[in-house]
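Novice: Okay, handing you the structure first.
The values are calculated or read from the model by the stated rules, or taken from the named source; none is laboratory data. What you see is a predicted model; the values in this text were computed from it and never measured. FYI the Cβ positions are ideal-geometry reconstructions off the backbone, even for glycines, and counts take in every protein chain you see. The area values use the complete protein model at the heavy-atom level, side chains included, leaving out ligands, DNA and RNA. Shrake-Rupley method; radii C 1.70, N 1.55, O 1.52, S 1.80 Å.
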Amino acid sequence: MAFAVTSSSSKAISGSGFSFSSSSSESKVSQIGSFRLLERPHVASTIVSKRRVYVKPVNAEPKRNDSVVPLAATIVAPEADEKVELEDFEQLAKELEHASPLEIMDKALEKFGNDIAIAFSGAEDVALIEYAHLTGRPYRVFSLDTGRLNPETYQLFDKVEKHYGIHIEYMFPDAVEVQALVRSKGLFSFYEDGHQECCRVRKVRPLRRALKGLRAWITGQRKDQSPGTRSEIPVVQVDPVFEGLDGGAGSLVKWNPVANVQGSDIWNFLRAMNVPVNTLHSQGYISIGCEPCTRPILPGQHEREGRWWWEDAKAKECGLHKGNIKQEDGVQLNDNGAAPAAVDIFNSQNLVTLSRTGIENLARLDNRQEPWLVVLYAPWCQFCQAMEGSYVELADKLAGSGVKVGKFRADGDEKEYAKRELQLGSFPTILFFPKHSSKAIKYPSEKRDVDSLLAFVNALR
């Protein structure tokens, strides 16, 4: 991984593919990807320990007349007394809950200095760089080049570098891993078995290597980006997934300065500050990732529907922020490892409750007397509970229309069957069984209001 730093009073020092700043009175060497730590202190999951450790150079080539060994690979940190600083980041998140993005960014850069970096994807998260620039503090910027980004994204990288006078440096996937994946499964396997494997190779592992050299990172996550996975992100948190420089749980802090900002307000800010943006945005792209997994959206669609559109809302994280995904949609298991008893939902005289035999028979029919709309649900799932009113209202509206509306409880013992035979990815999953076809059609949207569901039914019946 690599970083870019800007400071009017600093000069760049390059080593092992990274850039960082150093004042004239003090030189601070970046320890990202260049050193192997000789100790790994245990850190509690709710706090972060900042300490200096002894290091030794790794991956330094033997000295040759025709080459120069990278500076950072030849410097050994001086012996120093250990200093530990503890902080409750849950409490800090509460204190900053109503703070502006600029204030949060300033606090992050102030606290972590050279040990923090902005993750830049080439979309509207360019706002993070503008906020960092406005603080007047030095800052680092990094990006993951998956090898499958849009040309417009690479063009934005170039514009941003020139606009801010920085050098974004990139983290690349392991060539051997990419080669093995493509040779064994082809270039577009993610359309068939999900995007997680490709993202793991091209994004998650490079990011993991990068974050091992930091104590904190800054992301552009917003609560309104994905109702299924990002609705509860705090402005700052101990990273629940990745490890930082000191290693172990709690060794990395994750800052989300725009968590509470609406997408429309981000765009008002970008226009007001005349910030360069990805030209794909003007073509209907809102959330931008790799080219094969990103598409423009239609008016009224949620921005996240342009990413991995063949998968459910719960799956729409590439792995960089998989800590947002709650196990079993947030259900708490009892002492026996099972979901607690819950009052059944979707109760209406116009709704048919399907048993396992009933749904199997329905799925096998090639020529049904009438089309069916069926929700696969779990009564304890908060997202199922949230759509109960709209689904019951839809059933009432469709009563007598020739479309049957049903429900099938697909958790517990039925879950594996539903995943294997009924396209269940997460709860709720909504299927339309056409009148003259055995193949069910999966509702692709995260919008589950009555009008959206009715439009889906009317388009197919």
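Novice: Only one of these is assigned to a helix (DSSP H, G or I), of a type in the set (Phe, Trp, Tyr) and within 28 Å of residue 297 (Cβ to Cβ): 391, 417. Name it.
Specialist: Values: 417 fails: within 28 Å of residue 297 (Cβ to Cβ).
After applying the criteria, what remains is 391.
Novice: For the stretch 188-222, give me the residue count where each residue is open to solvent by 60 Å² or more (accessible area, probe 1.4 Å) and part of a loop (DSSP other than H, G, I, E, B).
Specialist: To start, the set of residues in the stretch 188-222 that are open to solvent by 60 Å² or more (accessible area, probe 1.4 Å) comprises 188, 191-193, 196-197, 200, 205, 208-209, 212.
Then drop every residue that is not part of a loop (DSSP other than H, G, I, E, B), which leaves 188, 212.
Qualifying residue count for the region: 2.
Novice: Here is a follow-up. Do the conditions hold for residue 364, that is, is it in contact with a His (Cβ under 8 Å, 6 or more places away or on another chain), modelled with pLDDT of 85 or more and charged (D, E, K, R)? Even if it seems obvious, please write down each step before you answer.
Specialist: Numbers: in contact with a His (Cβ under 8 Å, 6 or more places away or on another chain): no; modelled with pLDDT of 85 or more: yes; charged (D, E, K, R): yes.
Criteria not met by residue 364.
Novice: Continuing with the same structure: Just to check your reading of the model, which residue among 373, 454 is in contact with a helix residue (DSSP H, G or I) (Cβ under 8 Å, 6 or more places away or on another chain) and not in a helix (DSSP H, G or I)? Show your work before the answer.
Specialist: Numbers: 454 fails: not in a helix (DSSP H, G or I).
Among 373, 454, only 373 is in contact with a helix residue (DSSP H, G or I) (Cβ under 8 Å, 6 or more places away or on another chain) and not in a helix (DSSP H, G or I).
Novice: Does any residue in the stretch 263-289 that is at pLDDT below 95 come within less than 6 Å, Cβ to Cβ, of a residue that is exposed (fewer than 15 other Cβ atoms within 10 Å of the Cβ) and among the basic types (Lys, Arg) six or more places away or on a different chain, and which pairs are these?
Specialist: From residues that are at pLDDT below 95, there are no pairs.
Here's the yes/no breakdown for (1) assigned to a loop (DSSP other than H, G, I, E, B); (2) surrounded by 23 or more Cβ atoms within 10 Å (Cβ to Cβ):
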{"position": "118", "(1), (2)": "no, yes"}
{"position": "123", "(1), (2)": "yes, no"}
{"position": "128", "(1), (2)": "no, yes"}
{"position": "131", "(1), (2)": "no, yes"}
{"position": "139", "(1), (2)": "yes, yes"}
{"position": "147", "(1), (2)": "yes, no"}
{"position": "154", "(1), (2)": "no, no"}
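Novice: State all residues of the stretch 409-438 that are among the basic types (Lys, Arg) and at pLDDT 90 or above; if no residue qualifies, say none. Step through it out loud before you land on a result.
Specialist: If we filter the stretch 409-438 for residues that are among the basic types (Lys, Arg), which is where we start, we get 409, 415, 419-420, 435.
409, 415, 419, 420, listed by residue number.
Novice: Does residue 441 satisfy being modelled with pLDDT of 95 or more and either of a type in the set (Phe, Trp, Tyr) or within 24 Å of residue 307 (Cα to Cα) (or both)?
Specialist: Details: modelled with pLDDT of 95 or more: no; either of a type in the set (Phe, Trp, Tyr) or within 24 Å of residue 307 (Cα to Cα) (or both): yes.
Judged against the criteria, residue 441 is not a match.
Novice: Which condition does residue 106 not pass, out of (1) in contact with a strand residue (DSSP E or B) (Cβ under 8 Å, 6 or more places away or on another chain); (2) in a helix (DSSP H, G or I); (3) not hydroxyl-bearing (Ser, Thr, Tyr), if it passes all the others?
Specialist: Single failed check for residue 106: (1).
Novice: Scan the stretch 351-366 for residues that are in contact with a Ser or Thr (Cβ under 9 Å, 6 or more places away or on another chain), surrounded by 13 or more Cβ atoms within 10 Å (Cβ to Cβ) and not in a helix (DSSP H, G or I) and report the count. Break it down stepwise before answering.
Specialist: In the first step, residues of the stretch 351-366 are kept if they are in contact with a Ser or Thr (Cβ under 9 Å, 6 or more places away or on another chain); the result is 363-366.
The next check asks that each one be surrounded by 13 or more Cβ atoms within 10 Å (Cβ to Cβ); those that pass are 363, 365.
Next cut, not in a helix (DSSP H, G or I) only: 365.
The total comes to 1.
Novice: Return the residue satisfying two criteria in turn: it lies in the stretch 367-425 and is over 19 Å from residue 457 (Cα atoms) and of a type in the set (Asp, Glu), and of such residues it is surrounded by the most Cβ atoms within 10 Å (Cβ to Cβ).
Specialist: So, considering only residues that are over 19 Å from residue 457 (Cα atoms) and of a type in the set (Asp, Glu), the one surrounded by the most Cβ atoms within 10 Å (Cβ to Cβ) is 411.
Novice: For the subset of the stretch 278-299 comprising residues that are assigned to a helix (DSSP H, G or I) and under 15 Å from residue 125 (Cα atoms), which member is least open to solvent (accessible area, probe 1.4 Å)? Steps first, answer last, please.
Specialist: Start the filter on the stretch 278-299 by keeping residues that are assigned to a helix (DSSP H, G or I), which leaves 279-283, 291-293.
Still in the list and also under 15 Å from residue 125 (Cα atoms): 279-281.
On the way: 279: 55, 280: 4, 281: 27 Å².
Among those residues, the one meeting the criterion is 280.
Novice: Among (1) within 36 Å of the chain's Cα centre (by Cα); (2) over 28 Å from residue 193 (Cα atoms); (3) assigned to a loop (DSSP other than H, G, I, E, B), which single condition is residue 427 missing?
Specialist: So residue 427 meets the others, but not (2).
Novice: Right, next: Tally up the residues in the stretch 168-187 that are surrounded by 15 or more Cβ atoms within 10 Å (Cβ to Cβ) and among the polar types (S, T, N, Q), please.
Specialist: Looking only at that region, the number is 0.
Novice: Right, here's the next one. Could you check, for the stretch 158-172, whether at least one of its residues is among the aliphatic types (A, V, I, L, M), under 23 Å from the mean Cα position of the chain (by Cα) and modelled with pLDDT under 95? Can you show your working first?
Specialist: The initial filter retains those residues of the stretch 158-172 that are among the aliphatic types (A, V, I, L, M), namely 160, 166, 168, 171.
Narrowing the set further to residues that are under 23 Å from the mean Cα position of the chain (by Cα) leaves 160, 168, 171.
In the following step, the residues that additionally are modelled with pLDDT under 95 were identified as 168, 171.
Yes: one or more hits.
Novice: On to the next question. List, please: which pairs have Cβ atoms under 9 Å, are six or more places apart or on different chains, and start with a residue in the stretch 95-116 that is within 19 Å of residue 239 (Cβ to Cβ) and end with one that is part of a helix (DSSP H, G or I) and open to solvent by 50 Å² or more (accessible area, probe 1.4 Å)?
Specialist: Here the result reads 96/103; 96/107; 105/134, each pair linking the stretch 95-116 to a residue that is part of a helix (DSSP H, G or I) and open to solvent by 50 Å² or more (accessible area, probe 1.4 Å).
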